[in-house]
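Where a number appears in this text, it was derived from the coordinates with a stated rule and is not lab data. Just so you know, these numbers come straight off a predicted model, no measurement behind them. Cβ placement follows ideal geometry from the backbone for every residue including glycine, while neighbour counts extend to all protein chains displayed.
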Amino acid sequence: METKGFPGVELRVGRARIGEGVRIGEGTVIVADQLVLKDGAVIGAGCDLRSAHLELGAGAHVGYGARWLVADAVRLGAGSVVDADSEVVCREWSVGEGCYLGHRLRVGAGASMEERSTLRIGDRCQIAPDVVVNPTEPVVIGDEVGISAQVAIWTHGYHAGHPVRDGHGAAFAGVEVQDGAWLGVRAMVLPGVRVGAGTVVAAMGLVNRSLPPGVLAAGVPARVKRALQPQALDVAGRREAVAVLVEDWMARLRFKGLMVEPAGLGEGGGWSVARAGARWEVALRTGPGQGPGVVEVRRAGAGAVFDFAEPLAVRGTLDELGHDLRDFLRRATWLFPYAGNSRGLVPERFARLLD
């Protein structure tokens, strides 16, 4: 049936709790015993979402064309995004806060309607397009994990033409990718593997055995090449890095069609930024206690402050320029916590073609 407040949407729901500012696109079908959509949640057009318990946190976003069949529960954390054309089949699926899961995510890929078919993804993970996860057995992905495009994670491996009775092997075992790990483009993770915290698997690596924390692994099969021993920047080095970041952001804003002019607003540099009648002041300052620096983004006296001391923090409210900065910094690996995902401003040369 068509649902009041959501034209062209069919809700076959036992109980529903829907917050303020929720949007559901036309042609979407939701089947659930219990539906929870918190404030600002968005579901795109043409989706088909089915689960006993379906819960989207505040500001969570599901892109158009999603097809989810999750028997027991789906929980998408606050501010997390699952981009367009995702397909998910498993018993239970949870995603933490502030994650981005790219286009054409595939969760399933065979035998994923089983008792142990579960997928858990932690907070602030970044997952690129065209990733395949097979949760025949449990898959656990920690916090702040990076998964590059076309990665595949498998929890079963067998072929009926190679039976165990004839001496061939078959694998059914879960996978764990621990906090801060990074799987490079087209890496493949096989059943029973644990990738240690902070470990990097190079592009096209085949992980067929567990890897320890904090190493670089590469090859087919993937072998440990060296330990990762990064040296954290001191305050002076961090201050210099912040100055470079802000200059690079100003160049990016000019490319996007904004007017950027120097202005005497901060001891580290200041700029006046304008676009379509809106004007901002951006200032780079030393910050409290001679720290590595803060960047202030203000419009009509209101705005936000990005503090580059540890732990990274945003104070105030982000508008479109603040979100552009946060998105720019995310891509430069500075992950500033904030309620919701940030998206950058669309460059004018692209935006005019979308009008």
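Treating only the Cβ of Lys, Arg, Asp and Glu as charged (+1, +1, -1, -1), what charge dipole size does the chain show about its Cα centre? Round to the nearest 20 debye.
Values: 39 positive and 40 negative charges, 96 e Å.
Result for the chain is approximately 460 debye, rounded to the nearest 20.
With just the Cα atoms defining each centre, how far is segment 2-48 from segment 144-182? Give it in Å.
Result: 35 Å between the Cα centres.
Taking springs between alpha-carbon atoms closer than 10 angstrom, which of Ala300, Ala218, Ala274 fluctuates most in the Gaussian network model of the chain?
Ala300
Taking the Cβ of each residue in His61, His162 as the centre, tally the other Cβ atoms inside 10 Å and list the residues starting with the fewest.
Numbers: His61 21, His162 11.
Ordered from fewest to most neighbouring Cβ atoms within 10 Å, His61, His162 come out as His162, His61.
Considering only Asp123, Asp319, Asp234, give the residue with the highest GNM mean-square fluctuation for the chain, with springs between Cα atoms whenever their separation is below 10 Å.
It is Asp234.
Pick out which of Gly291, Gly25, Gly57 has the largest mean-square fluctuation in a Gaussian network model of the chain, springs linking Cα atoms closer than 10 Å.
Gly291
With a sphere of radius 11 Å drawn around the Cβ of Arg252, what net charge do the other residues whose Cβ falls strictly inside it have (Lys, Arg +1; Asp, Glu -1)? Don't jump to the answer; show the numbers that get you there.
Details: positive: Arg254, Lys256, Arg331; negative: Glu247, Asp248, Asp324, Asp327.
Around Arg252, the surrounding residues sum to -1.
Would you tally the net charge around Gly57, using a Cβ to Cβ cut-off of less than 12 Å, leaving Gly57 out, and scoring K and R as +1, D and E as -1? Write down the numbers at each step before the final one.
On the way: positive: Lys38, Arg75; negative: Asp39, Glu55, Glu97, Asp123.
Once positives and negatives cancel, what remains is -2.
In whole angstrom, note down how far apart the Cα centers of segment 185-199 and segment 86-122 are.
The distance from the Cα centre of segment 185-199 to that of segment 86-122 comes to 17 Å.
Roughly how tilted is helix 320-331, in degrees to the nearest 10 and between 0 and 90, from the longest Cα axis of the chain?
Here the helix axis deviates by roughly 60 degrees.
Picking from Ala302, Ala276, Thr286, whose Cα lies most toward the positive end of the charge dipole for segment 235-354 (charges on Cβ: Lys, Arg +1; Asp, Glu -1)?
After comparing all options, I get Ala276.
Computed from these coordinates, which is Rg/Rh (Cα atoms, Kirkwood Rh): (1) 0.95; (2) 1.22; (3) 1.02?
Computing Rg/Rh (Cα atoms, Kirkwood Rh) and matching it to (1) 0.95; (2) 1.22; (3) 1.02 gives (3).
Can you pull out the GluC sites (Glu not before Pro) in segment 94-197 that DSSP calls coil and that have at most 10 other Cβ atoms within 10 Å? List each step's numbers first, then the result.
Numbers: sites: Glu97, Glu114, Glu115, Glu144, Glu176; in loops: Glu97, Glu114, Glu115, Glu144.
In loop regions of segment 94-197 (DSSP not H, G, I, E or B), the sparsely surrounded GluC sites (Glu not before Pro) are Glu115.
I'd like the orientation of helix 235-255 relative to the chain: the angle between its Cα long axis and the longest Cα principal axis, in ° from 0 to 90, rounded to 10.
90 degrees
Return the calculated 222 nm mean residue ellipticity for the chain, to the nearest 500 deg cm²/dmol, obtained by summing -39500 (n - 2.57) across DSSP H runs with n ≥ 4 and dividing by the residue count. Show your work: numbers first, answer last.
Working: 3 runs with 40 residues, N = 355.
Calculated from helices alone, the mean residue ellipticity at 222 nm is -3500 deg cm²/dmol.
Give me the percent relative contact order of the chain, please, defined on Cα pairs under 8 angstrom at least 6 residues apart.
7 percent
Check each of the GluC sites (Glu not before Pro) in segment 222-288 and keep only those in coil by DSSP with at most 12 other C-beta atoms within 10 angstrom; list them in order.
When the GluC sites (Glu not before Pro) of segment 222-288 are filtered for loop state and at most 12 Cβ neighbours within 10 Å, Glu267 remain.
Could you list the chymotrypsin sites (Phe, Trp or Tyr not before Pro) in segment 154-211 that lie in coil according to DSSP, counting only those with at most 16 other Cβ atoms within 10 Å of their Cβ? Mind showing how you got there, number by number?
Numbers: sites: Trp154, Tyr158, Phe172, Trp182; in loops: Trp154, Tyr158.
Taking segment 154-211 and a limit of 16 other Cβ atoms within 10 Å, the loop chymotrypsin sites (Phe, Trp or Tyr not before Pro) found are Tyr158.
Of Leu354, Ser51, Ala32, which is farthest on the positive side of the dipole of the chain, counting Cα position, with +1 on Lys and Arg Cβ, -1 on Asp and Glu Cβ, and the Cα centre as origin?
Sorting the options by dipole projection puts first Leu354.
If you take the C-alpha gyration tensor of segment 221-355, multiply each eigenvalue by 5 and take the square root, what semi-axes do you get, largest first, in whole Å? Numbers along the way, then the final one.
Details: eigenvalues 149, 87, 38 Å².
Equivalent ellipsoid of segment 221-355: 27, 21, 14 Å, largest first.
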